[in-house]
1. Count, please, the residues in segment 86-117 that happen to be assigned to a loop (DSSP other than H, G, I, E, B), touching a helix residue (DSSP H, G or I) at 6+ places or on another chain (Cβ under 9 Å) and not aliphatic (A, V, I, L, M).
2. Name every residue in segment 21-40 that is open to solvent by 80 Å² or more (accessible area, probe 1.4 Å), within 17 Å of Gln174 (Cα to Cα) and not polar (S, T, N, Q), in order of residue number.
3. Does Ser44 satisfy the criteria of being in contact (Cβ under 8 Å) with a residue 60 or more places away in the chain, crowded, with 19+ Cβ neighbours inside 10 Å, under 17 Å from Gln174 (Cβ atoms) and of a type in the set (Ser, Thr, Tyr)?
4. Might you check whether a residue that is of a type in the set (Val, Ile, Thr), touching a strand residue (DSSP E or B) at 6+ places or on another chain (Cβ under 8 Å), in contact (Cβ under 8 Å) with a residue 24 or more places away in the chain and not in a helix (DSSP H, G or I) occurs anywhere in segment 64-77?
5. Would you check if Ser143 is closer than 22 Å to Arg50 by Cα and part of a loop (DSSP other than H, G, I, E, B)?
6. For Gly184, all conditions in the list (1) more than 17 Å from the chain's Cα centre (by Cα); (2) under 20 Å from Pro106 (Cβ atoms) hold save one; what is the number of the exception?
Amino acid sequence: MPLADTLNNYRTAIVECQGFINIAFQQDAASNYIYPANQRQFISEAAFLRIFIAWEKFLETSFIDYLLGEPSTAGIIVNRYATPTSAEHAHKMIIGTQKYVDWSNPQIVRRLSMLYFEPTNPINSTVSSAESDLFDLKTIRNSAAHVSSTTSSELDALATRKLGAPTTNATVSQVIFTADPTTGNTILTDYLNLLDTAAQTIAHG
């Protein structure tokens, strides 16, 4: 698949998820929320999971694109160390003897990229520069996907660090819709901007 299509598909998925969030926060003529708080929270957290899945899918698809010799959106061919015969073959090569690739872990993504491409490849360099934020996103994803004492404490620690104030018993929706004091944007907006820039950089080569 051309890298331009891979990038467009990612952006389309993000727009769809943002639409779900907008629906959750619809108001009536009297400025009252149409959906109660628990439903707004459920829709928002489900949309965040979809956003994270879209990012993982983008990483996997762009990786396979480059492994098949597809040029970047700038026409750059990334030097590769393997030549799979098809997208299916490339997928099997990346998985190897494992059951799946953990695209949520930036360190694993970087190691794979350096195994199959020259170290200066756009996936490695881009994921490396955003590694800390990508791990934070994974923390939020884990909290949205399965609540436990571990995920709750990790989310509280992330919120405390991001917001600069002690935070306990935080929920994913509370965290992502809170304004980051350093940017003025919601934490979700900042992460969406970061992911979009990262996706564009990877696709550009």
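The values are calculated or read from the model by the stated rules, or taken from the named source; none is laboratory data. No experiment lies behind these values; they were computed from the predicted model shown. Every residue, glycine as well, gets a Cβ built from its backbone with ideal geometry; the counts of neighbours run over all protein chains shown. To get the accessible areas, we keep the full protein, side chains included, count just its heavy atoms, and leave off ligands, DNA and RNA. Shrake-Rupley method; radii C 1.70, N 1.55, O 1.52, S 1.80 Å.
1. So the count comes out to 4.
2. Answer for segment 21-40, where residues must be open to solvent by 80 Å² or more (accessible area, probe 1.4 Å), within 17 Å of Gln174 (Cα to Cα) and not polar (S, T, N, Q): just Tyr33.
3. When the stated conditions are applied, Ser44 passes them.
4. First, the residues of segment 64-77 that are of a type in the set (Val, Ile, Thr): 64, 73, 76-77.
Filter again for touching a strand residue (DSSP E or B) at 6+ places or on another chain (Cβ under 8 Å), leaving none.
No, every residue in segment 64-77 fails to be of a type in the set (Val, Ile, Thr), touching a strand residue (DSSP E or B) at 6+ places or on another chain (Cβ under 8 Å), in contact (Cβ under 8 Å) with a residue 24 or more places away in the chain and not in a helix (DSSP H, G or I).
5. Details: closer than 22 Å to Arg50 by Cα: yes; part of a loop (DSSP other than H, G, I, E, B): no.
No; evaluated as a whole, the condition is false for this residue.
6. With respect to (1) more than 17 Å from the chain's Cα centre (by Cα); (2) under 20 Å from Pro106 (Cβ atoms), Gly184 is out only on (2).
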